[in-house]
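**Q** Let me begin by handing over the structure; questions about it come next.
The values are calculated or read from the model by the stated rules, or taken from the named source; none is laboratory data. Since we're looking at a predicted model, the values are computed, not measured. Ideal geometry is used to build each Cβ from the backbone, glycine not excepted, and the neighbour counts take in all protein chains shown.
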Amino acid sequence: MAKKSRNISNHTQQDQHTTLKDMLNPEILNKLKIQAEELKILEEKNKEEGRKKAAEERKTEQKRLENNFEHLLNKSNLDWRNFK
């Protein structure tokens, strides 16, 4: 009986060291790695597009303000007393 319990404990130690990576087919593992890289590239592309869109929106907002008469009037340093 002692031999049986020792064999079981050795077996469980081997199971603890086995990982999912060890159990997967190398072909599947490679496909998963490629897919992860593609997702990283796609995520960075989306972030860059978001930055560009935000910059474009800021530029558009600035143009809108530059064409706004109230903004231009408030921004100007003209003093009506100088033109009396």
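**Q** Would you pick out the residues in segment 15-40 that are among the acidic types (D, E) and either assigned to a loop (DSSP other than H, G, I, E, B) or at pLDDT below 85 (or both)?
**A** D15, D22
**Q** Moving on to the next point. Take E43 and tell me if it is at pLDDT below 95, surrounded by 10 or more Cβ atoms within 10 Å (Cβ to Cβ) and in a helix (DSSP H, G or I).
**A** no
**Q** Only residues that are part of a loop (DSSP other than H, G, I, E, B) and at pLDDT below 80: list them for segment 68-78, please.
**A** S76, N77, L78
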